[in-house]
Amino acid sequence: MATVRPPDQSLVRKDEDDKERARKRNNEIISSLGKEEGWIEEYMYEYQGFWYPSVTIVEGVMWVQQNFKPRHEDILLVTLPKSGTTWFKPLMFAVMNRTHFDLSTHPLLTTSPHDLVPFLELYLHHKIPFPNPDTFYPPQLFQTHIPFTSLSQYVMESQCRIVYICRNPKDVFVSTFYFLEKSRDKKLTPLSLEKAFELFCKGLSLYGPFWDHVLGYWKASLEVPDRVLFLKYEDMKRDSSFHLKRLAEFMGYPFSVEEEKQGVAHDILELCSFENLRNLKVNKTGNIITTNNNQVENHRFFRKGEVGDWKRHLTAEMEDGLNKLIEQKLAGSGLAFRDSSEA
Ligand code: A3P
C-alpha cells in the first residue's frame, strides 16, 4: 500500500515565517501611509500615489501584489469603482463561458456577477485567504481596481490580457457619491455632495486621482494594444453590438460567422442588460460580502445605468470646473471625455 509522506515540517515552518515577515513588513508600510479625510471611514490612505478608502483595501492590494500570479490565458478586468464593473463582469463572463452554459439556465440568472468574477483585492482576498492559484480552472476572469503602476511583476510577466473600462468622470463622481453615501460610517457626519466633489477634484477619490488611474491604462493600451484594451462605458452603451464583438475578439473569444447568424452576441447583451440583471431575484434581494464581513445589497450596484445622469446632480459651476480640470490633466494624451457623445 502506498504511504503518504507527511509534509516536511521545516518547509511548513519556513512558509509560515515568510508569511509572518510579509505581514510585519506590510503593517509597517501601512502605519506610515499618508491620510486624508475619507468617504466611508474617517480617513482614506495613500499607497503608491493612489488613494484607498480603508486599510483593509490597502492590505488587499498588497496581497494581490505579493500573491496573485495570473496565467497567460487569464483575463483581468480593471475599472475605477462605479465605472460599470457590474455590467462588464457579466458581459465578459458570458463571452468566455458561452459554450458551457445554456442561456435559459445561465449562472448569471441565479448568481450575482460579483460572485462569479472574483474581485481580487477585496472579495477574493477576504473570502479565500491566500488561495493557491493552481486550484482555479484556467482560463479565469478576475477583476480589480488596482492602478496600472501598482500591478505586480507577476501580472506584467504573465502576459495575461487586461480590459480597462472607463467612464465619464462626472458620472463616476455622481455614482460614487450615491453609492458611498449609504456605506459611510454612521458615527461620522454625512458627506455633502459639495464636500465629496471637492475631494474628487483634489484627486482624493476611490483609487484616485481619477485622471492618473485612467491615464495609466490609456498609455498602456497605446504601448501594448494586444495586451491592454481600453473601452469606454459610453461607447458600449452607444454601440453595444460593435463593442461587444471587439471585446470578444480582444479576449480571444471571437464570435464565429455561425454565431453571428444565430445572434449570440445579441443574446449576451440581452442577458446582461441593466433591466434584465436588475430585475433578477438574486440582484434584487441578495447581498455580497465586502470588507470585514460587511454586506452590501446587490441591488445597490444597479442604480440608474444611464449616460449623463450627472446633469441631474451637478451645478453648471461644478460641470465647468470638472471639465476644465479633466481637460488640463489629460492634455496631450489623446484621451478625452466629450459630453456630446452622450446620447
Ligand atoms: P449609476 O450609479 O450611474 O447608475 P460599478 O459596477 O463599477 O460599481 O458601477 C456601477 C454603475 O454601473 C452604476 O451606475 C450602475 O447602475 C451601472 N450598471 C450596473 N449594471 C449595469 C448594466 N447592466 N448596464 C449598464 N450599467 C450598469
Q | Criterion: at pLDDT below 95, acidic (Asp, Glu) and either farther than 20 Å from Thr111 by Cα or within 12 Å of the ligand (Cβ to nearest atom) (or both) - qualifying residue of Glu342, Glu317 | A | Glu342
Q. Restricting segment 144-201 to residues that are small (Gly, Ala, Ser) and open to solvent by 10 Å² or more (accessible area, probe 1.4 Å), which is nearest to the ligand (Cβ to nearest atom)?
A. Ser175
Q.
I'm trying to understand the selection: among the residues of segment 56-86, which are surrounded by fewer than 20 Cβ atoms within 10 Å (Cβ to Cβ) and β-branched (Val, Ile, Thr)?
A. Thr56
Q. Residues of segment 233-258 being away from the ligand (no atom under 16 Å from the Cβ) and in contact (Cβ under 8 Å) with a residue 24 or more places away in the chain, which ones?
A. Ala248, Phe250, Met251, Gly252, Tyr253
Q: Being open to solvent by 30 Å² or more (accessible area, probe 1.4 Å) and farther than 30 Å from Glu270 by Cβ is the filter here, so list the residues in segment 280-324 that pass it.
A: Asn292, Asn293, Asn294, Thr315, Ala316, Glu317, Glu319, Asp320, Gly321, Asn323, Lys324
Q. What pairs come up if the first residue lies in segment 305-329 and is under 30 Å from Leu277 (Cα atoms), the second is at pLDDT 95 or above and open to solvent by 60 Å² or more (accessible area, probe 1.4 Å), and their beta carbons are under 7 Å apart, counting only those six or more places apart or on different chains?
A. Val307/Lys237
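Would you check which residues across segment 87-112 are among the basic types (Lys, Arg) and either open to solvent by 20 Å² or more (accessible area, probe 1.4 Å) or over 16 Å from Cys166 (Cα atoms) (or both) and list them? Can you show your working first?
As a first pass, look at segment 87-112 and keep what is among the basic types (Lys, Arg): 89, 98.
Within segment 87-112, Arg98 is the sole residue that qualifies.
Among the aromatic types (Phe, Trp, Tyr) and either surrounded by fewer than 13 Cβ atoms within 10 Å (Cβ to Cβ) or closer than 25 Å to His72 by Cβ (or both): does that describe Phe274? Write out each step before concluding.
Working: among the aromatic types (Phe, Trp, Tyr): yes; either surrounded by fewer than 13 Cβ atoms within 10 Å (Cβ to Cβ) or closer than 25 Å to His72 by Cβ (or both): no.
Here the answer is no, as Phe274 does not meet what is asked.
Quick check on segment 83-90. Is at least one of its residues polar (S, T, N, Q) and touching a Pro at 6+ places or on another chain (Cβ under 7 Å)? Steps first, please.
Start the filter on segment 83-90 by keeping residues that are polar (S, T, N, Q), which leaves 83, 85-86.
Imposing the further condition that a residue be touching a Pro at 6+ places or on another chain (Cβ under 7 Å) reduces the set to 86.
Within segment 83-90 (the criterion being polar (S, T, N, Q) and touching a Pro at 6+ places or on another chain (Cβ under 7 Å)), the answer is yes, since at least one residue qualifies.
Restricting to segment 58-114, name every residue that is part of a helix (DSSP H, G or I), farther than 30 Å from Ala22 by Cα, aromatic (Phe, Trp, Tyr) and at pLDDT below 95. I'd like the intermediate steps shown before the answer.
Pass one, segment 58-114, residues part of a helix (DSSP H, G or I): 58-67, 85-96, 103-105, 107-109, 113-114.
This time we only want the ones that are farther than 30 Å from Ala22 by Cα, so: 85-96, 103-105, 107-109, 113.
Narrowing further to those that are aromatic (Phe, Trp, Tyr): 87-88, 93.
Hits for segment 58-114: nothing passes.
Here is a list: Phe88, Phe119. Which entry is within 14 Å of the ligand (Cβ to nearest atom), of a type in the set (Phe, Trp, Tyr) and touching a Leu at 6+ places or on another chain (Cβ under 7 Å)? Full working, then the answer.
Details: Phe119 fails: touching a Leu at 6+ places or on another chain (Cβ under 7 Å).
Being within 14 Å of the ligand (Cβ to nearest atom), of a type in the set (Phe, Trp, Tyr) and touching a Leu at 6+ places or on another chain (Cβ under 7 Å) holds for just one of Phe88, Phe119, which is Phe88.
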**Q.** Top-ranked residue of segment 214-224 - restricted to ones that are under 15 Å from Arg167 (Cα atoms) and touching a strand residue (DSSP E or B) at 6+ places or on another chain (Cβ under 7 Å), ranked as most open to solvent (accessible area, probe 1.4 Å)
**A.** Trp218
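The values are calculated or read from the model by the stated rules, or taken from the named source; none is laboratory data. Note that the structure is predicted; figures quoted are calculated from it, not measured. For neighbour counting, all protein chains shown are included, and Cβ atoms are generated from backbone atoms with ideal geometry for every residue, glycine included. When the accessible area is computed, the model is the full protein with side chains, heavy atoms only, and any ligands, DNA or RNA have been set aside. Shrake-Rupley method; radii C 1.70, N 1.55, O 1.52, S 1.80 Å.
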